[in-house]
Ligand SMILES: NC(=O)c1ccc[n+]([C@@H]2O[C@H](COP(=O)([O-])OP(=O)(O)OC[C@H]3O[C@@H](n4cnc5c(N)ncnc54)[C@H](OP(=O)(O)O)[C@@H]3O)[C@@H](O)[C@H]2O)c1
């Protein structure tokens with residue numbers, strides 16, 4: 001089905017979104033505040049509008065991808081009447097309160113609204129494996145889901161419009177945590193010491209395989225968190241703590257930062273001191289939930 005799609009904002013991400021809609025055969029209208037950003041989109045079949053109002057008139061699905069929510073309100077605010085009866089999908093990054101405010105604004109003007117986040121770079125847009133997360137009314141998502149598959153794999157998280165933003169920050173935290181752990185390993189293994197210097201590439205070949213086990217731990221521990229019951233099995237917090245001490249010592253010997261081992265030590269130490277040494281590592285969620293600092 002060819003849909004009529006309008007894309008507001010032609011930064012690197014907005015342009016990639018518009019290009020994917022064009023490639024999927026949708027009738028695509030684009031607008032950008034500063035002219036001259038449509039690049040080859042018009043040559044590929046997109047229509048460029050001189051104003052946001054004109055662009056909105058060209059689409060039943062209006063995809064917004066601007067730098068900030070302030071910009072979104074600046075652009076959409078004057079268009080409220082023109083948007084009534086259309087569906088706005090906002091792929092601008094923002095905070096949960098910003099998502100709620102935008103959803104409230106849309107609801108009060110009878111505009112169907114979904115908030116979304118893109119877990120990909122512009123180069124990944126159009127790849128069926130690229131993850132795009134959406135929150136808002138299920139019925140609205142179901143109506144536009146087919147069109148959104150032009151961008152990647154659209155996933156509906158729930159009716160609360162803030163969910164996509166919360167997932168975005170949680171998933172980015174997972175990325176930074178994982179990347180920092182990996183870089184700690186790169187520094188440790190690449191430093192002078194027994195075995196000599198190992199390249200990051202050689203280490204990563206092994207680390208990549210280890211990630212499968214890490215993912216299995218996440219899957220196994222999630223039910224512990226959900227139930228509030230943390231059976232330690234054969235890998236208790238006490239055992240984790242002993243191995244963390246070895247990591248701290250090895251890091252010290254090789255002159256590598258103690259920041260991560262200290263963080264692990266602090267969390268496991270507090271849990272063990274509270275009598276949770278026989279529990280699984282998942283118990284630490286309780287210490288992350290209520291940080292006394
Ligand atoms: N790039 C990525 O890898 C990536 C990945 C995931 C999510 N995102 C999110 O996607 C959104 C867009 O990102 P981007 O990479 O395309 O570049 P960006 O620099 O974040 O956004 C540029 C776009 O915002 C427009 N804009 C800024 N202020 C405006 C205003 N007051 N009124 C109207 N338009 C305004 C710019 O218009 P002008 O050209 O006129 O300045 C341009 O179209 C952001 O929220 C970003 O966080 C980006």
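Bear in mind that the values in this text are calculations on the coordinates, not laboratory data. Just so it is clear, the structure is predicted and the values come from calculations on it, not from any experiment. Virtual Cβ from ideal backbone geometry, glycine too; neighbours counted across all protein chains shown.
Take every DSSP beta bridge whose two residues both sit in the chain, then give the antiparallel share in percent to the nearest 5.
20 percent
With springs connecting C-alpha atoms under 10 Å apart, model the chain as a Gaussian network and identify which of 68, 169, 147 has the largest mean-square fluctuation.
Comparing 68, 169, 147 in the GNM, the peak value goes to 68.
Roughly how tilted is helix 237-253, in degrees to the nearest 10 and between 0 and 90, from the longest Cα axis of the chain?
Long axis of 237-253 versus the principal axis of the chain: about 90 degrees.
When a/c is below 1.5 the answer is rounded, else prolate if a/b is larger than b/c, else oblate, so apply that to the stretch 191-289 with a ≥ b ≥ c taken from the square roots of the Cα gyration tensor eigenvalues. List each step's numbers first, then the result.
Details: a/c = 2.66, a/b = 1.55, b/c = 1.71.
Oblate is the answer for the stretch 191-289, as a/c is 1.5 or above yet b/c matches or exceeds a/b.
Could you identify which residue out of 27, 145, 219 has the top mean-square fluctuation in a GNM of the chain using Cα springs shorter than 10 Å?
Sorting by GNM fluctuation, first place goes to 219.
Once the Cα atoms of helix 12-23 and of the chain are each reduced to a long axis, what angle between those two axes, in degrees from 0 to 90 to the nearest 10, is obtained?
The answer is roughly 60 degrees.
Rounded to the nearest 0.05, what FRET efficiency is calculated for residue 214 and residue 84 with R0 set to 35 Å and r the Cβ-Cβ distance?
0.15
Which residue, 265, 109, 212, has the most motion in a Gaussian network model of the chain that connects Cα atoms within less than 10 Å?
Highest fluctuation among the options: 212.
Pairing the Cα long axis of helix 138-148 with the longest principal axis of the chain, what angle in degrees results, from 0 to 90 and rounded to the nearest 10?
Value to nearest ten degrees: 80.
Rounded, prolate or oblate: pick one for the chain, where a ≥ b ≥ c are the square roots of the eigenvalues of its C-alpha gyration tensor, a/c under 1.5 means rounded, and failing that, prolate if a/b is larger than b/c, else oblate.
It comes out prolate by the Cα gyration axes.
For the chain, what is the mean residue ellipticity at 222 nm derived from helices alone (per DSSP H run of n ≥ 4: -39500 (n - 2.57); sum divided by total residues; nearest 500 deg cm²/dmol)?
Estimated from H runs of four or more residues: -16000 deg cm²/dmol.
Using 0.36 nm times the number of residues separating residue 44 and residue 207, minus their current alpha carbon distance, what extension gain do you get?
Between residue 44 and residue 207, full extension yields 54.5 nm more.
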